[in-house]
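Nothing in this text is a laboratory measurement; each read-out follows from the coordinates by a stated rule. Bear in mind the structure is a predicted one, so any value in this text is a computation, not a measurement. For neighbour counting, all protein chains shown are included, and Cβ atoms are generated from backbone atoms with ideal geometry for every residue, glycine included.
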Amino acid sequence: MDGPTGERAENGQQDEAQHGLLKIGDFARLAGTNLRTLRYYEEIGLLEPASRSPGGFRFYRREDLDRLRMVASLQRLGLELARIRALMDTRDRRLDRQEFLARVRRALGEQQALIATRIGELEAQRAGIQTALHKLTECAACDHHPAAENNFCHPCQVDGSTLPADLSALF
């Protein structure tokens, strides 16, 4: 684009790049997301560009990738975006230092509790799979084949026990 407007936008982009900021496309690529998601996160208050060029181009700090990683982590833990936004609302400039630190502490504490709960769920799931694998070892010595005629080995044709849920799901 020729003319003063095009030149200002180009110079603005160069100035931002010199300050270590990333253009929205580059930031999206590094974050493993797309422009639409970044714009939506901005719209709902989860992510704010570090600056905009005179032409309206968004620029992000490389450190904002950490913020996106936390959003993704909290989503994997089952939180909805509205709750994530509330949890991550620590950048309010009107807060004094003590309230700021208290908010960050609460956010990290809640995330830690969510992770602990998820770890407990995963450990229970792993224990269920171990039980299923143990029973499967017993099944290897059995002559019965899971089929509709024997209710897919429910209950076990050898010892009458209920099959572990993870094994039952696959039989």
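Worth a mention:
- Average silhouette area of the stretch 84-135, convex hull of alpha-carbon atoms, in square nanometres: 4.0
- Highest mobility in the GNM of the chain, judged by mean-square fluctuation with C-alpha springs under 10 Å and restricted to A148, A107, A72, is found for A148.
- Here is the P(r) of the stretch 54-116: all C-alpha pair distances, binned every 10 Å from 0, give 19, 44, 30, 7, 1 in whole percents.
- Degrees separating the helix 97-139 axis from the principal Cα axis of the chain, which is the longest one: 30
- Under DSSP loop assignment and at most 14 Cβ neighbours within 10 Å, longest trypsin sites (Lys or Arg not before Pro)-free interval of the chain: 95-171
- Karplus-derived HN-Hα couplings along the stretch 40-57 (A = 6.51, B = -1.76, C = 1.60, θ = phi - 60°), whole Hz, x at Gly and Pro: 5, 4, 5, 4, 8, x, 8, 9, 10, x, 5, 6, 10, 6, x, x, x, 5
- Those residues of the stretch 22-44 whose amide nitrogen sits under 13 Å from the label point placed on L65, 7 Å along Cα→Cβ: 22-23, 26-33
- Computed 3J(HN,Hα) for the stretch 58-65, one whole-Hz value per residue from the Karplus formula 6.51 cos²θ - 1.76 cosθ + 1.60 where θ = phi - 60°, is 8, 10, 10, 7, 4, 5, 5, 4, glycine and proline marked x.
- The Rg/Rh ratio of the stretch 70-171, with both radii computed over alpha carbons and Rh defined as the Kirkwood radius, is 1.34.
- Built amide H within the under 5 Å cut-off of C142, gap 5+: none
- If the chain linking R126 and T33 were pulled fully straight, counting 0.36 nm for each residue of separation and taking away their Cα-Cα distance, it would gain 30.4 nm.
- Size estimate for the chain follows the Kirkwood approach: the inverse of mean 1/r over distinct Cα pairs works out to 20.8 Å.
- Residue separation of R106 and T137 scaled by 0.36 nm, minus their Cα-Cα distance, works out to 6.5 nm of gained length.
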